[in-house]
Ligand code: ADP
C-alpha cells in the first residue's frame with residue numbers, strides 16, 4: 001500500500017471530514033499514522049520525527065506515527081497540550097478485505113472513539129488525585145443550565161443559575177472540557193460548539209431516561225428545564241465521542257445553589273483553594289491539608305473545599321465524623337493503613353462500564369469491595385458511631401455475592417491485558433482447567449519429544465523452539481542438518497538460517513496443534529467469563545459507586561482528623577449568628593512554609609460580631625495583613641467544608657458568600673489593568689455581599705492616585721459597613737481611614753505590630769487593637785535592599801510632605817464633616833422607583849416593536865414626573 005494509491009487517501013480524507021477539529025490517528029499495522037497538518041502539530045507537540053509519504057496534489061504528504069502499543073503515553077501528551085484525537089481503527093483484517101474486494105482491497109477503517117480532555121477513563125491518562133470534569137452549559141429563557149460529569153467515576157450533577165453566576169459555577173467545577181450549543185454568543189471562548197437540537201429539555205429527559213432505563217426521572221429528583229437541556233447536550237456529546245458507547249453515568253444529582261457557599265472565580269483564585277496562583281497543588285489550601293490515603297479521597301476533599309456547605313446540620317455531620325477519628329488515634333491509624341491498600345474502585349468501575357475494563361479492573365473492584373467490608377466490620381463493632389458513619393456503614397457492606405464470585409473467578413493479581421489470558425483462576429471452570437491441562441501435557445510432550453529426537457538423531461544441540469511466525473519448530477546447527485534433511489528422516493525442512501536449519505515433524509505438529517487448539521479454546525473461555533463478570537459488575541454499578549463514595553468520604557474525614565492531630569487544630573463550632581470568633585488562628589500554608597525554614601508562625605485572634613463586624617487593619621507592608629485576612633477566610637471555608645481548622649478555638653457564624661480581594665491578581669492576560677480588575681471585583685462585592693457574607697479586602701484603591709484611591713477606599717468601607725452590613729476585614733495603608741471609626745459604629749481599628757530596633761525594622765506579625773501608629777514604608781524599603789542614598793533622599797522628601805500635612809490638616813482634612821453614607825444612598829434610588837417598577841413588571845419578549853416604542857414614551861413621561 002503506498003500513499004499514492006488514491007483509495008487510501010480518499011479513505012483518509014473521508015475519515016478526517018468526520019473529525020475536522022481532531023488529530024486523526026490512522027491505524028496502519030502496528031502504528032497510528034498522522035498526515036498533513038495533523039502530522040505537523042503532533043510532531044511538534046510530541047517532539048517526534050516528521051517524515052513524508054508519497055504525494056498528494058503534487059506535494060509530499062507530511063507524516064508522523066506512533067506505535068500502537070505506546071499510543072497511550074503519546075495521547076496523554078497531546079490531550080495535555082489541548083488537542084483532541086480521533087482514533088481510526090482497522091475494522092477488518094487484511095484477509096477479510098481481500099475476500100471482500102480482491103487482492104488490492106483497502107482495509108476498512110472507522111473512527112471508533114474520540115479522545116478528549118473531558119472524556120478520559122484510562123488510568124494512565126488521568127491524575128489519580130484530581131477529578132476530570134466535562135460540563136455542558138446552555139441557556140433556556142434567561143436561565144442557565146449546567147450539567148457536569150466526571151466520566152471516570154460517573155458522577156453527574158445538574159444545576160441552574162442566572163447568567164452572571166455561570167462563571168462562579170464553572171470556577172467551582174473547573175471542567176477540562178466544556179460544550180455549549182453552537183452559535184451561542186455568550187459562550188465561553190474555549191467551549192466546544194455542539195448541535196443546538198441536542199440542548200433541549202425534551203432531549204435531555206429522553207436521553208436520561210434511556211441511560212437509566214426508567215420511565216420517569218421523578219425518582220432521581222426534580223429537574224428544571226435548563227438542567228435537562230444541559231443534560232441533553234452533555235449526554236449527546238458523550239454519545240458522539242464514544243461513537244454510540246456511553247460511559248458510566250450515575251443518576252444525576254441536583255446542586256441546590258443555596259446549599260453551597262458562593263465564591264466567585266476571583267475569590268477562588270485569590271484564596272488558592274485547590275490550586276496556587278502559580279498553578280499546581282503545592283502552595284494551595286488543598287496541598288496543605290490533604291492527608292487522604294486514596295486518590296478518590298483526595299478528589300472528594302478537593303470537591304468539598306471547592307463547595308463548602310451552608311447547611312449547619314450537614315456541616316456538623318461531617319465534623320462529627322472527623323472528630324470521631326480525631327479522638328481515637330489508634331482506630332485512625334488502623335483505618336488509614338487499611339485505606340492505603342484500597343484501589344480506586346470508582347474509576348475501575350468507570351472503565352468497566354465504558355467497555356474499556358481490564359481483568360485488573362475487575363480485580364480492583366473485588367479487592368476494594370472486600371476491603372470495604374473489612375472496614376465495615378471494624379467500624380460496626382463500635383458503639384459510639386456518629387450519624388454520618390451510621391449512614392455510610394451500610395454502603396461499605398453488602399456486595400458479598402459479587403465479591404465471592406470475583407474472588408473465585410479471578411487470579412490474585414489479574415493482568416491489565418487480556419489477550420494472553422491467564423486471569424481466570426484455577427478451579428473456577430473445569431472445562432477451562434481441562435484445556436489448560438491439555439496444553440500443559442502437550443508442552444510436556446514437546447519437551448519429551450526434544451529428548452527423544454536428540455537421542456534418535458544423535459544431535460545433542462537439537463532444540464525445539466517457538467516463535468511468533470513459525471510456531472513450534474525443531475532447530476539444529478547447520479553442520480548437523482544433513483541427517484534430518486534425508487527423505488525418510490521423519491523431519492520436514494522449514495527454514496534455513498545463517499547457522500541453523502529448522503524442521504517440523506508430524507509428532508511436533510500434532511502436539512503444537514493441541515496446544516494451539518486448547519489455547520484458543522481456553523482464551524475464548526476466559527473471554528466469555530470476562531464478559532460475564534464485567535456485566536455483573538456493570539449491573540451493580542450504583543451500589544458499587546456508592547461504596548466508592550462512602551470510602552472516599554471516610555478517607556476525607558480521616559484526613560481532616562490526621563491533619564488536625566498533626567497541627568493541633570480544633571473542631572470549629574458552627575452557629576447561625578453573624579459572628580466570627582477565632583482565637584489563635586493560623587494560615588495553614590504560610591505556617592507550613594515558615595516551618596520549613598525553622599520559623600514560627602504568630603497566631604492571631606479575629607473576633608467579629610454584629611456590633612463589631614468591620615475591622616480596618618493597618619500596619620507596615622510585609623507586616624502580615626494579607627496573611628491575616630486570608631487565614632480567616634480559609635478557616636471559614638475549611639469549617640464549612642466540614643474540616644477542623646488551624647486555630648486554638650473557632651466559632652464560625654454561617655457564611656452564605658465569601659469574597660476575597662487580596663493581592664494583585666494580575667489579570668493582564670484578559671487585557672485589564674490591575675486597577676480595573678480591582679474595581680470590577682470590588683463592584684461585584686458591593687453588589688452581592690449580604691449581612692451573612694464574609695468579605696476580605698486588601699488595599700482597595702492602591703492601583704490609582706492617592707486622592708482617588710483614598711476616596712474610593714473611604715466610600716467602599718462606608719458602603720460595606722452601612723449597606724452590605726457583612727462581616728469584613730479591610731486592610732489598608734491609608735491612615736486617614738481611621739477617621740471612619742468615628743462615624744461607623746460597627747467598625748474598629750486594628751494594626752499589625754512592628755518595632756524599630758537599633759534602626760532596624762522588626763515585624764512582629766502580631767495583631768493589636770487601635771490605629772497603626774506610623775508607616776514604616778522607608779524602613780521596609782531599606783529592609784528590601786533599596787540603596788541607603790535613595791532611602792535617605794526619600795526621608796528628606798517625607799519630612800517636607802509631613803510639614804505640609806501639618807499645615808493643611810492632611811489628606812483627609814474636612815472629611816469628618818461629610819454627611820453619612822447611609823443617609824446619602826437611599827435618596828437617588830427613590831426617584832426612579834416608578835420607572836423601575838414598570839420595567840420590572842414588563843415581559844420584554846411579549847412586546848411587539850410598536851408596544852416597545854410606546855413603553856419608551858411612557859417611561860420617559862414617568863421619569864419626568866418623578867423628577868419634580
Ligand atoms: P502584608 O499584607 O502586610 O504586606 P503579608 O501578609 O504579605 O504582609 O506577610 C508578609 C510575610 O510575613 C509573609 O510572607 C510571611 O512570611 C510573614 N508573615 C505574615 N504573617 C505572619 C505571622 N502571623 N507569623 C509569622 N510570619 C508571618
Report summary line: Residues of segment 775-796 being closer than 24 Å to residue 604 by Cα, out of contact with any helix residue (DSSP H, G or I) (no Cβ under 8 Å at 6 or more places or on another chain) and part of a loop (DSSP other than H, G, I, E, B), in sequence order, are 776
Query raised in the report: Within segment 601-614, which residues are more than 7 Å from the ligand (Cβ to nearest atom) and out of contact with any strand residue (DSSP E or B) (no Cβ under 7 Å at 6 or more places or on another chain)?
Result: 609, 610, 611
Requested in this report: Determine, yes or no, whether residue 55 is surrounded by 12 or more Cβ atoms within 10 Å (Cβ to Cβ), at pLDDT below 90 and not in a helix (DSSP H, G or I).
Outcome: yes
Query raised in the report: Could you say whether any residue in segment 738-749 is surrounded by 16 or more Cβ atoms within 10 Å (Cβ to Cβ), within 16 Å of the ligand (Cβ to nearest atom) and at pLDDT below 90?
Result: no
Report summary line: Of those in segment 615-651 that are away from the ligand (no atom under 15 Å from the Cβ) and surrounded by fewer than 24 Cβ atoms within 10 Å (Cβ to Cβ), the residue nearest to residue 720 (Cα to Cα) is 651
Report task. Would you be able to tell me the number of residues in segment 726-736 that are at pLDDT below 90 and away from the ligand (no atom under 15 Å from the Cβ)? Result -> 1
Query raised in the report: Just one of 196, 172 is in contact with a helix residue (DSSP H, G or I) (Cβ under 6 Å, 6 or more places away or on another chain) and at negative phi; which is it?
Result: 172
Report summary line: Checked segment 96-117 for anything in contact (Cβ under 8 Å) with a residue 60 or more places away in the chain and assigned to a helix (DSSP H, G or I); matches are 117
Report summary line: Going through segment 1-50 in order, the residues found to be in a loop (DSSP other than H, G, I, E, B) and either under 31 Å from the mean Cα position of the chain (by Cα) or in contact (Cβ under 8 Å) with a residue 24 or more places away in the chain (or both) are 1, 2, 3, 4, 5, 19, 20, 21, 22, 30, 47, 48
Query raised in the report: Out of all the residues in segment 292-304, is one or more more than 15 Å from the chain's Cα centre (by Cα) and in a helix (DSSP H, G or I)?
Result: no
**Report entry** Test set (1) crowded, with 20+ Cβ neighbours inside 10 Å; (2) within 7 Å of the ligand (Cβ to nearest atom) - residue 594 fails condition number
**Finding:** (1)
Query - Positions within segment 86-95 being surrounded by 20 or more Cβ atoms within 10 Å (Cβ to Cβ) and either touching a helix residue (DSSP H, G or I) at 6+ places or on another chain (Cβ under 6 Å) or assigned to a helix (DSSP H, G or I) (or both), in sequence order - result: 88
**Report entry** Cβ pairs under 7 Å, 6+ apart, first in segment 720-744 and over 17 Å from residue 694 (Cα atoms), second away from the ligand (no atom under 16 Å from the Cβ) and in a loop (DSSP other than H, G, I, E, B)
**Finding:** 736/810; 736/811; 736/812; 739/812; 743/820
**Report entry** Subset of segment 537-578 [farther than 30 Å from residue 337 by Cβ and crowded, with 17+ Cβ neighbours inside 10 Å]
**Finding:** 574, 578
Query raised in the report: So residue 421 fits all but one of (1) part of a helix (DSSP H, G or I); (2) in contact (Cβ under 8 Å) with a residue 60 or more places away in the chain; what number is the exception?
Result: (1)
Query raised in the report: Out of (1) without any contact (Cβ under 8 Å) to a residue 60 or more places away in the chain; (2) touching a strand residue (DSSP E or B) at 6+ places or on another chain (Cβ under 9 Å); (3) under 30 Å from residue 127 (Cα atoms), what's the single condition that is false for residue 410?
Result: (1)
Query raised in the report: Hey, does segment 698-716 have a residue that's closer than 17 Å to residue 629 by Cβ, modelled with pLDDT under 95 and in a strand (DSSP E or B)?
Result: yes
Query raised in the report: Counting just the residues of segment 470-495 that are part of a strand (DSSP E or B) and more than 59 Å from the chain's Cα centre (by Cα), which one comes out nearest to residue 360 (Cα to Cα)?
Result: 476
Report task. Just need a number here: residues in segment 339-362 that are in a helix (DSSP H, G or I) and crowded, with 18+ Cβ neighbours inside 10 Å. Result -> 14
Report task. Might you let me know whether segment 551-566 holds any residue that is in a helix (DSSP H, G or I), more than 16 Å from the ligand (Cβ to nearest atom), touching a helix residue (DSSP H, G or I) at 6+ places or on another chain (Cβ under 6 Å) and closer than 30 Å to residue 441 by Cα? Result -> no
Report task. Pull up segment 579-589, narrow it to residues that are buried (at least 21 other Cβ atoms within 10 Å of the Cβ) and within 16 Å of the ligand (Cβ to nearest atom), then point me to the one that is farthest from residue 627 (Cα to Cα). Result -> 582
Report summary line: Residue hits (segment 384-400; part of a helix (DSSP H, G or I) and crowded, with 17+ Cβ neighbours inside 10 Å) are 388, 389, 392, 393, 395, 396
Query raised in the report: Just checking, how many residues over segment 606-649 are touching a helix residue (DSSP H, G or I) at 6+ places or on another chain (Cβ under 7 Å), under 23 Å from residue 764 (Cβ atoms) and in a strand (DSSP E or B)?
Result: 4
**Report entry** Residues of segment 750-774 satisfying the condition of being away from the ligand (no atom under 12 Å from the Cβ) and outside any strand (DSSP E or B)
**Finding:** 758, 759, 770, 771, 773, 774
Query raised in the report: residue 183 is checked against (1) free of Cβ contacts under 8 Å to residues at least 60 places away in the same chain; (2) within 13 Å of residue 252 (Cβ to Cβ); (3) surrounded by fewer than 19 Cβ atoms within 10 Å (Cβ to Cβ) and fails just one. What number does that condition carry?
Result: (2)
Report summary line: Checked pairs for segment 623-637, first over 19 Å from residue 304 (Cβ atoms), second assigned to a helix (DSSP H, G or I) and within 12 Å of the ligand (Cβ to nearest atom), C-beta under 7 Å and 6 or more apart or across chains, list as 627/590
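The values are calculated or read from the model by the stated rules, or taken from the named source; none is laboratory data. In this text, all values refer to a predicted model and were calculated from it rather than measured experimentally. A quick note on method: Cβ atoms are made from the backbone with ideal geometry, for glycine too, and the neighbour counts reach across all protein chains shown.
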